[in-house]
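The values are calculated or read from the model by the stated rules, or taken from the named source; none is laboratory data. Predicted model, so just to flag it, every value in this text is computed and none were measured. Cβ placement follows ideal geometry from the backbone for every residue including glycine, while neighbour counts extend to all protein chains displayed.
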Ligand code: CMX
């Protein structure tokens, strides 16, 4: 059931600022428009077959099985992701921007994912002010993070930090109080989503400065936009373009429908009514896998190793072809290439490539990545098994960051996670709004499959 005509609880109403009220009314207004659609789908078309599940899909990671709802974005194999129907280039063009910047603000994409509306400049400003108000980390969380051994991987630290924040969950507290009604779940989920999004860059910057900058921290600047402030807290470059590259990174990685590992994990854990901190901490653990988000770390490592082996020689397609073949022969994947759904060059790669070409085309790693773009797809195609030999989002994100001095590749997936918080938490709000139930797909044994296959 899509929850409609919700009267916002009085005590919550007093606590919310005007911008949160605006967000709630926009989300609720959209939900009311969609409610008849959801009801009709459930009641009149619940038995409609969407496709057959094959033995191959059951063994093969459930590829292509349509079995989940994500309202925030939709992925087309050839065109790439659309946030609420807008391509990423539309988002770059249409979303409000920081003064002097050409990049659509990621926090504006958060608004878009939540409401299906491009926010006005004033709405984004108000949202930023609200996020700043919610951004302080409790002392207990600061202590937890500061006490971690510096060789703990930054992604491990991030998931620990998110779990350390869990006791602040408004959803968790309200649920425990025993008075929370089902049609109020989404309001408290939104409350947590906003606080989590507000705090995650502060937490992520603290981890960076603890691990790589001897624990010397840079205070948050409440006059700045969400991503620009994160960039200045990282403190690796005063170049205004570093803020832009961070904004671009955070806008492009925000959402990729709900079937990928991090989004699906967040969605699955949230379906048990675990609060957004539990759910997204789990999603971050999934993002930390080398076949998913960690590929950006692996990709830069691969490029750096390749450059070292080149020993100052100009990279050529022939040499890179051989390096790619050697990687495959050693049993490893080539990071930054291939995709579970996309069958074309990832538009997120295309936008980053354009940014690099416009701003620092002569950087040695950018030049190397360009040669990779020519050399690697034919090598992957020649294996005869890789379904998409083209570069994905992770092929260039690290290269763009290292140009500005952020060359600690072990940190790259944390930046991905700061961004993905936007999409994953927006999805949680909409899952609770739609009243989606606990997920429980069916698993079978090999013997069961063999019997079925023989029928
Ligand atoms: N290098 C080497 N082999 C690759 C490959 C790559 N970049 N991409 C796919 N393959 C291999 C697969 O490992 C698989 O081999 P086996 O049959 O021996 O197991 C075969 O080609 C078929 O795979 P596929 O159907 O084309 O791709 P999958 O849906 O199974 O996997 C992905 C998708 C992304 C995990 C895979 O392309 C890969 O490992 N890429 C490198 C890691 C990477 O960049 N991941 C980031 C993806 C984006 C993100 O989530 O952030």
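Counting only helices (runs of 4 or more DSSP H) that fall entirely inside segment 267-366 and contain at least 3 residues that are buried (at least 23 other Cβ atoms within 10 Å of the Cβ), the qualifying elements are 276-287, 295-310, 347-359. A single entry from 449, 396 fulfils the requirement of being touching a residue at least 60 places away in the same chain (Cβ under 8 Å), more than 22 Å from residue 239 (Cα to Cα) and either within 13 Å of the ligand (Cβ to nearest atom) or surrounded by fewer than 24 Cβ atoms within 10 Å (Cβ to Cβ) (or both): 449.
Considering segment 378-393, and only residues there that are assigned to a helix (DSSP H, G or I) and farther than 15 Å from residue 245 by Cβ, the residue that is farthest from the chain's Cα centre (by Cα) turns out to be 382. If you scan segment 346-377, which residues turn out to be within 16 Å of residue 322 (Cα to Cα) and more than 26 Å from the chain's Cα centre (by Cα)? Passing the criteria: 368, 371, 374, 375.
Conditions (1) out of contact with any helix residue (DSSP H, G or I) (no Cβ under 6 Å at 6 or more places or on another chain); (2) more than 15 Å from the ligand (Cβ to nearest atom); (3) free of Cβ contacts under 8 Å to residues at least 12 places away in the same chain, marked per residue:
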site	(1), (2), (3)
233	no, yes, no
237	yes, yes, no
244	yes, yes, no
247	no, yes, no
256	yes, no, no
261	no, no, no
279	no, yes, no
286	no, no, no
297	no, no, no
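Taken over segment 324-340, residues that are free of Cβ contacts under 8 Å to residues at least 40 places away in the same chain and either over 26 Å from residue 252 (Cβ atoms) or in the same structural domain as residue 413 (by TED's automatic domain parsing) (or both) amount to 4. Residues that are surrounded by fewer than 19 Cβ atoms within 10 Å (Cβ to Cβ), at pLDDT 95 or above, closer than 17 Å to residue 255 by Cα and over 16 Å from the mean Cα position of the chain (by Cα) are absent from segment 98-106 altogether.
Checked against the criterion of being under 30 Å from residue 190 (Cα atoms), modelled with pLDDT of 95 or more and within 13 Å of the ligand (Cβ to nearest atom), the candidates 343, 432, 440, 348 yield just one match: 348.
Residue 419 - would you say it is in a helix (DSSP H, G or I) and more than 16 Å from the ligand (Cβ to nearest atom)? So residue 419 does not fit the description; no. Would you confirm whether or not segment 215-225 contains a residue that is touching a helix residue (DSSP H, G or I) at 6+ places or on another chain (Cβ under 6 Å) and in a helix (DSSP H, G or I)? Within segment 215-225, not a single residue is touching a helix residue (DSSP H, G or I) at 6+ places or on another chain (Cβ under 6 Å) and in a helix (DSSP H, G or I). Contact map, segment 370-385: first residue under 17 Å from residue 303 (Cα atoms), second residue more than 11 Å from the ligand (Cβ to nearest atom) and not in a helix (DSSP H, G or I), Cβ cut-off under 8 Å, separation 6 or more or different chains; pairs are 371/315; 371/316.
Does residue 140 satisfy the criteria of being surrounded by fewer than 21 Cβ atoms within 10 Å (Cβ to Cβ) and not in a helix (DSSP H, G or I)? Against the criterion (surrounded by fewer than 21 Cβ atoms within 10 Å (Cβ to Cβ) and not in a helix (DSSP H, G or I)), residue 140 does not qualify.
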